[in-house]
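Data block below; observations after.
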Amino acid sequence: MDLVSGLLVTAGLAAVVLGGAQAAQHGWASAAVLVPAGLGFVAVAAFLVRQARSGQPLLPLWILTDRSRVGAYVSVAISVVGSFGMFLMLTYHFQVVLQWSPVRAGLAFLPLSLAVSASAYGLGSRLLPRVAPRALIVPGLALAAAGLGVLATLSASSGYVTTILPAEVLLGIGMGLVFTPAISVATSGVDARYAGVAAATATTAMQVGGSIGTAVLNSVAVAATSSYVAQHGQSGAALVHGFSTATTCSALILAATAMLTVVLVRTPRPDQKEN
């Protein structure tokens, strides 16, 4: 086991997350953001250089040379940004703005989890043998972006059934459509010896996307809330404004990723690969 490489990539990613989180308090141009983020990128770059020179790399870099596989990694990473961002923002909204108990707030998230499971197992796994993965990933990202777009209209007076529930269902269905085909693309065409590495890279992409995305979205929300308070001085409405701003950013990122996936992911449907 290459412990040095493991320490480099772990410390590097942790530093990037730290930099994103510090922006909420110090601003994006501050040393508290730029120094850890810069050191983090340097550590990740050193990790990649070490992998390129290693005879037994933790991450064989040829895995990242296939554009369809890279597109799958990007799609799962960004889709998780949407879900983690929704969890963060809605947790604040439920418990701080609406003053719900932790139990009630937790139950309010159940439709999202149910929608993800129903979509992944009921739609994604059944349609994948019949259509190209891109035909599921792209609509999935678009649906997730639409769900976040609905949530971006959130206000202090928005109802759960009329705004939050539809947003959760749309995001859940979209994420379910992304995960199954994306993991399939990530592991397709890989020798059995490296299937575990390819799948683990997809899992890592999800974790990295969720960590960095949540830190950045939280910083965006805090900045938007602070700006609103400075202008209007309304704390409750300011919090919701921050949530809405961060959610809008997340929706735009997912929509852009959907367009990028159209270009990157070219894996055909299973029956075409057999022919």
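The values are calculated or read from the model by the stated rules, or taken from the named source; none is laboratory data. Keep in mind that what you see is a predicted model, and the values were worked out from it rather than measured. In this analysis, Cβ positions are derived from the backbone assuming ideal geometry, glycine residues included, and neighbour counts consider all displayed protein chains.
Miscellaneous remarks
- For the stretch 8-30, a residue qualifies if it is among the β-branched types (Val, Ile, Thr) and surrounded by fewer than 15 Cβ atoms within 10 Å (Cβ to Cβ), and exactly one does: 10.
- When residue 160 is tested against (1) touching a residue at least 60 places away in the same chain (Cβ under 8 Å); (2) surrounded by fewer than 24 Cβ atoms within 10 Å (Cβ to Cβ), just one condition goes unmet, and that condition is (1).
- Yes/no for residue 221 being over 16 Å from the mean Cα position of the chain (by Cα) and closer than 25 Å to residue 21 by Cβ: yes
- Summed over the stretch 120-166, the residues that are in a loop (DSSP other than H, G, I, E, B) and within 21 Å of residue 68 (Cβ to Cβ) give a count of 6.
- Applying the set (1) assigned to a helix (DSSP H, G or I); (2) in contact (Cβ under 8 Å) with a residue 24 or more places away in the chain to residue 56 leaves exactly one unmet item: (1).
- Residue in the stretch 32-41 that is touching a residue at least 60 places away in the same chain (Cβ under 8 Å) and within 26 Å of residue 245 (Cβ to Cβ) present: no
- Looking across the stretch 227-246, the residues that are farther than 19 Å from residue 27 by Cα and at pLDDT 85 or above come down to 240, 244.
- Check on residue 71, of a type outside the set (D, E, K, R), assigned by TED's automatic domain parsing to the domain that holds residue 181 and either at pLDDT 95 or above or on the phi < 0 side of the Ramachandran plot (or both): yes
- Tabulated pairs, the stretch 233-257, first closer than 15 Å to residue 213 by Cα, second among the polar types (S, T, N, Q) and modelled with pLDDT of 90 or more, C-beta under 7 angstrom, 6+ apart or interchain: 257/75
- Screening residue 174 on (1) farther than 15 Å from residue 80 by Cα; (2) at pLDDT 90 or above shows it passes everything except condition (1).
- Options 116, 76, 97; residue that is of a type in the set (Val, Ile, Thr), closer than 20 Å to residue 220 by Cα and in contact with a Phe, Trp or Tyr (Cβ under 9 Å, 6 or more places away or on another chain): 97
- Single residue of 223, 237, 186 found to be out of contact with any Leu (no Cβ under 8 Å at 6 or more places or on another chain), in a helix (DSSP H, G or I) and within 18 Å of residue 68 (Cβ to Cβ): 186
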